[in-house]
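The values are calculated or read from the model by the stated rules, or taken from the named source; none is laboratory data. Predicted model, so just to flag it, every value in this text is computed and none were measured. Glycine gets a Cβ as well: all are built from the backbone with ideal geometry, and neighbour counts include every protein chain shown. We work out accessible area using only protein heavy atoms, side chains counted, and drop any ligands, DNA or RNA first. Shrake-Rupley method; radii C 1.70, N 1.55, O 1.52, S 1.80 Å.
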Amino acid sequence: MTAYRELQEWSDAVGCIFIDRQTRGDLADEDFNRWLYEDALYVRAFAYFLARLLVTLDAQEPSAFREKAIEVCKAGYASLSAEHDVFVGQAIARGVVLPDDFAIHNSDYRQEASESATSAAAAERFSKDCKTKACAEYVHLLCDTLDEDSAEVRIWMLLAIEDCYFTAWRRVRDGGKFDSLPTSVRTFVDWWSNDGFGAYVQDIRTAAESAVLPEADVVRLNELMRTMLKLEKQFFDDSLS
C-alpha cells in the first residue's frame, strides 16, 4: 500500500513555510486570515467529497471495509457542523468576510451529495469564490475523484488529507509557542491537533488498511497522493504575503 508519509511531498507539506512561521509564533495576522478564508471554502468541497463517499459506500455489498469506512466517515461528516461554527465564529472575530451564501454542508449527507447535478458542477460551485489557484485546484481534485475513483481509493485520500492536517498543526501545538498564540488561532490549531482528532485519523487508517486495491488503483493512488500533497503545501504558502 502507498507509503505517503515517505514521499518528499509529505515532508514539504507538513514542513511548509506557513506552518514553520505559525510554529514560531510569527505568522502575520493577514496571512492567517487569508488562509482562514480559503480553508473555509475548501471545507465546503470537502464536505461534498465526504458525502459522496458515504453514498458510494452505502451502495456497496457488505464487507469489513465497508462497515469500518461508513462508521468513520459518518463520524467525520457529523463533526462538520461544529467545524462550520468554528469557521464562522472565528471569521467574525478576526474580521474575515466569508461569502454571503457560506455554509459548509447539509446535515443529511444524502441531500448534500445530491445538491449538484454533476461533479464538474460541484467543482465550479465550490471554487467560484476561491481567491488562490491552489484552493481552486484542490477543490477540482476532490471533485474529480468522485467519478473516477473507487471508495477504496477515496478512503486513502481522506486519510492522507486528515493526517497531513493533524501532523502539520500538531507541529504548531508542540512547537513551544501554542499558549502565546491569539485565542482565535489556538482554536484552529487545537481543532486539528487534539488527541481526539488524532484518534479519528487512526480510525480512518484502520478502515483504509482493510481495503483491497488492485495494482492499477495503487498506481493511481500514488499519483493522487503526490498531487494532493503538493496542493496542501501550496494551499498553505499561497496565504503568505
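General observations
- Carbon + sulfur, % of accessible area of the chain - ligands and nucleic acids excluded, 1.4 Å: 49
- Centroid-to-centroid separation of region 25-63 and region 181-215 [C-alpha atoms, Å]: 12
- Once percent of Cα pairs over 30 Å apart is calculated for the structure shown, the corresponding label among (i) 20; (ii) 59; (iii) 31 turns out to be (i).
- Solvent-accessible area per residue for region 21-136 (1.4 angstrom probe, square angstrom): 45
- Total lysine pairs whose alpha carbons fall under 27 Å of each other in the chain (8 or more apart, or interchain): 8
- The figure for F102 is an accessible area of roughly 30 square angstrom, using a 1.4 Å probe on the protein chains alone.
- Relative packing of 6-14, 220-228, which averages over residues the other C-beta atoms within 10 Å, highest first: 220-228, 6-14
- Working note: Karplus 6.51/-1.76/1.60 with θ = phi - 60° gives region 121-129 the couplings 5, 5, 4, 5, 5, 7, 9, 4, 9 Hz, where Gly and Pro are set to x.
- Integer Hz, Karplus 6.51/-1.76/1.60 couplings in order for region 222-237, x for Gly and Pro: 4, 5, 4, 4, 4, 5, 4, 5, 4, 5, 4, 4, 5, 4, 4, 6
- When the charge dipole of region 87-241 is built from unit charges on Cβ atoms (+1 for Lys and Arg, -1 for Asp and Glu) and taken about the Cα centre, the candidate among T187, G176, L240 whose Cα reaches farthest toward its positive end is G176.
- For the pair E124 and D100, the difference between a 0.36 nm per residue extended length and the Cα-Cα distance amounts to 7.0 nm.
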